[in-house]
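The values are calculated or read from the model by the stated rules, or taken from the named source; none is laboratory data. Everything quoted here is computed from the prediction, not taken from an experiment. Here the Cβ positions follow ideal geometry from the backbone for every residue, glycine too, while neighbour counts run over all protein chains shown.
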Amino acid sequence: MQIAIASGKGGTGKTTVTVNLALALSSSIQVTLADCDVEEPNLHLFFSGQAEEEEVTVLVPEIDTGTCILCGKCGQFCRYGALIVLKDQVLQYPKLCHSCGGCSMVCPTGSISERSEVVGVLHRSNPEPSLRLITGTLCEGSIHTTTVIRAVRNQFNPEDLVLLDAPPGTACAAMETLEGCDFCLLVTEPTPFGLHDLTLIYKLAQLYHIPVGVVINRSDTTDSIVEFFCRDQNIPILMHIPFDRTIALQQGSGQIISRADPKWREQFFKLGQDCITLAGVR
Amino acid sequence: MIQIAVVSGKGGTGKTVVTGAIAALLPGKIVMADCDVDAANLGLLMRPETIVSEPFTGMDRAFIDPDRCTRCGCCVTNCRFHAISVLKDRVQVDPVKCEGCGVCEYVCLADAVKMVTHIGGAIRSAQTRFGPFIDGALNPGSGNSGLMVHQIRKKAREIAPDIPLVLIDGPPGIGCPLISAVTGCDLVILVAEPGSSGRHDIERLITVCRSLRCRMVMIINRADLVPDGTVLLRTIAKESDIPILCEIPLDPLVMKATRNREPFSLHEGPASIEIRNAVDYLAHELQLI
Amino acid sequence: MRIAVPSSGPAVTDPFDTRFGRAPYIIMVTPETGETVSLQNTLAAGSGGVGPQVVQMLVQNQVTHLIAPRIGGNAETALFAAGISVFIWEGAGTVSDALEQFKAGKLTELGKNPQSS
């Protein structure tokens, strides 16, 4: 079962919810925690332990300068500007390459082969007895965000309970993470911004027919702005987290509130159970 | 024309709220460009009026002519993006997964594939009480946000050539949209928040901005929330030779103003004193006054 | 010598465009013959790697010199490899103004002066 934790915008407390949920559930179930926010992965900051590393690669062209006749066909074909044919050489920009393989197909002399280029790194660790953490990290300046997310997803076993920390926004990266999930927990805050972004991410989840539930973070007396929307759309609100300096301070220094506080642990465990139940309804 | 981008790496550091506060202090001198195209929010603060919307065309997408297609599956096996699938009666392209590379068009023996223009969203221009405003809305899952950022910036430069400053509300992350938003900017304002997550992100962001040769300054938001974190941010700024423009304290006024969809700098409080000083300094530096 | 200038329109009286790869037109001038060719930049709306692709277009059109306000890193390496000299003009005006500045020897060549990069 795969449960994504998402928020249209960043900074709503998605990471707080994710780490607490993972820790609480892992007290009784084997949990895989996947950091799919590969542009800015953060979950590993909350856990310790040795991680195993694996590179994520894509194929990029390699040109045999001995047989290349500088005909220019590869440069014309490439829509990404990753290959430029000049009078005396072929210039390559591996960072711009989308790895479609088209250049090697169009080359009339068979001078283009493909080599691996590193675009990201996977880290695998077991920070808690029944918690496995998989983090994807995109190389700075690379465009292969979805490739690295896919590499994270390839680490799952079908029988695992997986919690996926989704990247912010509703573009390719969020879609790559949400696709195929059984449930999506939407973390929001009771502000016009929060509601606006909640609406966007909810639409995306609907596109994939994924059932959703909402957590209102920094909850206070103005929650109604989000509550009205949820009632209207028939979305269950599964938890309210009040604004609390202590929570912010603990989170800010890399601690997990439900590790020290059994009350929070219990609440997050219940949240996890609710998610699993709602996912099963499908 | 001067271009300033406000960016944060991680979302939720208050980037949009800070952008709005700066914009409200420079009425008539700025064009606002909301380049956070996945979740455009600046409009909620700026309240744009008389919105003109134009279609946004992204990268071409593959289109398969069902009358010509023989369902041989050649395009399916050659597509590296797993964007094409053979159904019982036709071959289907997933417009989200298709990256427009053109391999399918090349390999098709029946000449059934064409690369066609794809409408991926809209670019909107409007007026606000502070100045012209541009933002974009991508259709969910359309991708190509980097290109949209580029087009929003272009529109912002064109809409009012006599206004001296374009203020960009940047996208989160360090990927393609962020690179499009800061490339060629005269100044990048990093909005950082103390806390371990914030630190990690800001370091990655600095690396990317530096590689694009951007001049940077930092604003520390909610500076008194995690005091140790603020000390650390100051150290990072110093090590990277980035001046700190101001430190905004946690101020209930900011939340209150934001809830009422108002830039907080128009109201009185500790946070607005900080941002006003910062904007005065900036305006002076950039010779806007 | 063939000089390329990014332009907002097809004529030399149109404004000099402030972005190299994304300019709607590239105007090419051969001072020896006075020939002026205006090339529509079909690559301007591309999603990425536009700079290098425009350089390839310049190479195909035998351009030897380029006047531009700012050059991205990818385009810079391509221009260097193609042997096209780049002259920086950050001012505002028409394509003709840019050419006048160049002919008057007022522009700095990219890479020749360490302060210019």
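Among the numbered criteria (1) away from every other protein chain (no Cβ under 14 Å); (2) surrounded by fewer than 17 Cβ atoms within 10 Å (Cβ to Cβ); (3) of a type outside the set (A, V, I, L, M, F, W, C), which single criterion is violated by B:Pro55?
B:Pro55 satisfies all of (1) away from every other protein chain (no Cβ under 14 Å); (2) surrounded by fewer than 17 Cβ atoms within 10 Å (Cβ to Cβ); (3) of a type outside the set (A, V, I, L, M, F, W, C) except (1).
Scan segment A:260-281 and tell me whether some residue there is within 14 Å of chain B (Cβ to nearest Cβ), surrounded by fewer than 22 Cβ atoms within 10 Å (Cβ to Cβ) and outside any helix (DSSP H, G or I).
Among the residues of segment A:260-281, not one is within 14 Å of chain B (Cβ to nearest Cβ), surrounded by fewer than 22 Cβ atoms within 10 Å (Cβ to Cβ) and outside any helix (DSSP H, G or I), which makes the answer no.
Name the one entry in C:Gly105, C:Gly21, C:Gly73, C:Gly51 that is modelled with pLDDT under 90 and more than 14 Å from the chain's Cα centre (by Cα).
Only one candidate qualifies: C:Gly73.
Can you name every one of the strands (runs of 3 or more DSSP E) wholly within segment A:115-204 that holds 3 or more residues which are not assigned by TED's automatic domain parsing to the domain that holds A:Ser27?
Where strands (runs of 3 or more DSSP E) fall fully within segment A:115-204, none carries at least 3 residues being not assigned by TED's automatic domain parsing to the domain that holds A:Ser27.
Going residue by residue through segment B:35-55, is there one that turns out to be among the charged types (D, E, K, R) and within 25 Å of B:Val208 (Cα to Cα)?
Yes, some residue in segment B:35-55 is among the charged types (D, E, K, R) and within 25 Å of B:Val208 (Cα to Cα).
I need a count of the residues in segment B:191-232 that are at pLDDT 85 or above, of a type in the set (Ser, Thr, Tyr) and closer than 20 Å to A:Val38 by Cβ.
The total comes to 1.
Right, B:Glu285: among the acidic types (Asp, Glu) and surrounded by fewer than 16 Cβ atoms within 10 Å (Cβ to Cβ) or not?
yes
Take segment B:271-282 and flag every residue that is farther than 13 Å from B:Ile4 by Cα and either surrounded by 15 or more Cβ atoms within 10 Å (Cβ to Cβ) or of a type in the set (A, V, I, L, M, F, W, C) (or both). Steps first, please.
As a first pass, look at segment B:271-282 and keep what is farther than 13 Å from B:Ile4 by Cα: B:271-278, B:280-281.
Within segment B:271-282, B:Ala271, B:Ser272, B:Ile273, B:Glu274, B:Ile275, B:Arg276, B:Ala278 meet the criteria.
Does A:Asp197 satisfy the condition of being surrounded by 24 or more Cβ atoms within 10 Å (Cβ to Cβ) and either acidic (Asp, Glu) or free of Cβ contacts under 8 Å to residues at least 24 places away in the same chain (or both)?
Spelling it out, A:Asp197 is indeed surrounded by 24 or more Cβ atoms within 10 Å (Cβ to Cβ) and either acidic (Asp, Glu) or free of Cβ contacts under 8 Å to residues at least 24 places away in the same chain (or both).
Among the candidates C:Val59, C:Val95, which residue alone is modelled with pLDDT of 90 or more, at the interface with another protein chain (Cβ under 10 Å from one of its Cβ atoms) and under 25 Å from C:Pro10 (Cβ atoms)?
Step by step, each of C:Val59, C:Val95 is checked, and only C:Val59 is modelled with pLDDT of 90 or more, at the interface with another protein chain (Cβ under 10 Å from one of its Cβ atoms) and under 25 Å from C:Pro10 (Cβ atoms).
Looking at C:Thr42, C:Thr30, which is the one that is free of Cβ contacts under 8 Å to residues at least 24 places away in the same chain and more than 19 Å from C:Gly73 (Cβ to Cβ)?
C:Thr42
Looking at segment B:67-83, which of its residues are of a type in the set (D, E, K, R) and either under 19 Å from A:Arg150 (Cα atoms) or outside the structural domain of B:Asp111 (by TED's automatic domain parsing) (or both)?
Scanning segment B:67-83 gives a single hit, B:Arg80.
Can you pull out the residues in segment C:76-92 that are touching a strand residue (DSSP E or B) at 6+ places or on another chain (Cβ under 9 Å) and either modelled with pLDDT of 90 or more or more than 21 Å from B:Met1 (Cβ to Cβ) (or both)?
Residues satisfying the conditions are C:Glu76, C:Thr77, C:Ala78, C:Leu79, C:Phe80, C:Ala81, C:Ala82, C:Ile84, C:Ser85, C:Val86, C:Phe87.
Would you confirm whether any residue within segment B:107-122 is small (Gly, Ala, Ser), buried (at least 19 other Cβ atoms within 10 Å of the Cβ) and touching a residue at least 60 places away in the same chain (Cβ under 8 Å)?
Looking through segment B:107-122, at least one residue is small (Gly, Ala, Ser), buried (at least 19 other Cβ atoms within 10 Å of the Cβ) and touching a residue at least 60 places away in the same chain (Cβ under 8 Å).
Identify the residue in segment A:83-99 that is without any contact (Cβ under 8 Å) to a residue 24 or more places away in the chain and surrounded by 19 or more Cβ atoms within 10 Å (Cβ to Cβ) and, among all such residues, is farthest from C:Gln60 (Cα to Cα). Explain how you work it out, then say what you get.
Residues of segment A:83-99 without any contact (Cβ under 8 Å) to a residue 24 or more places away in the chain: A:83-88, A:91, A:93.
Pick out the ones that are also surrounded by 19 or more Cβ atoms within 10 Å (Cβ to Cβ) and you get A:83-86, A:91, A:93.
Values: A:Leu83: 15, A:Ile84: 11, A:Val85: 10, A:Leu86: 8, A:Leu91: 15, A:Tyr93: 19 Å.
Out of the qualifying residues, it is A:Tyr93.
Yes or no: segment B:170-181 includes at least one residue that is crowded, with 24+ Cβ neighbours inside 10 Å, among the hydrophobic types (A, V, I, L, M, F, W, C) and either in a loop (DSSP other than H, G, I, E, B) or not assigned by TED's automatic domain parsing to the domain that holds B:Ile134 (or both).
The answer is yes, given that some residue of segment B:170-181 is crowded, with 24+ Cβ neighbours inside 10 Å, among the hydrophobic types (A, V, I, L, M, F, W, C) and either in a loop (DSSP other than H, G, I, E, B) or not assigned by TED's automatic domain parsing to the domain that holds B:Ile134 (or both).
Filter segment B:226-260 down to the residues that are touching a strand residue (DSSP E or B) at 6+ places or on another chain (Cβ under 8 Å), in contact (Cβ under 8 Å) with a residue 60 or more places away in the chain and within 13 Å of chain A (Cβ to nearest Cβ) and list them by number.
Hit for segment B:226-260 is B:Val254, nothing else.
Which of the residues spanning segment B:209-225 are at the interface with another protein chain (Cβ under 8 Å from one of its Cβ atoms) and either of a type in the set (Phe, Trp, Tyr) or within 18 Å of B:Lys15 (Cα to Cα) (or both)?
Correct list: B:Leu225 only.
Mind listing whichever residues of segment A:214-256 are modelled with pLDDT of 90 or more and in a helix (DSSP H, G or I)?
Answer for segment A:214-256, where residues must be modelled with pLDDT of 90 or more and in a helix (DSSP H, G or I): A:Val226, A:Glu227, A:Phe228, A:Phe229, A:Cys230, A:Arg231, A:Asp232, A:Gln233.
Of the residues that sit in segment A:225-259 and are among the charged types (D, E, K, R) and under 23 Å from A:Val212 (Cα atoms), which one is surrounded by the fewest Cβ atoms within 10 Å (Cβ to Cβ)?
A:Asp232
Of the residues that sit in segment A:6-44 and are within 14 Å of chain B (Cβ to nearest Cβ) and part of a strand (DSSP E or B), which one is surrounded by the fewest Cβ atoms within 10 Å (Cβ to Cβ)?
Selected residue: A:Asp35.
Identify the residue in segment A:208-231 that is charged (D, E, K, R) and more than 11 Å from chain B (Cβ to nearest Cβ) and, among all such residues, is farthest from A:Leu21 (Cα to Cα).
A:Arg231
Go through B:Gly136, B:Gly100 for me and flag whichever is away from chain A (no Cβ under 11 Å), surrounded by 22 or more Cβ atoms within 10 Å (Cβ to Cβ) and in contact (Cβ under 8 Å) with a residue 40 or more places away in the chain.
After applying the criteria, what remains is B:Gly136.
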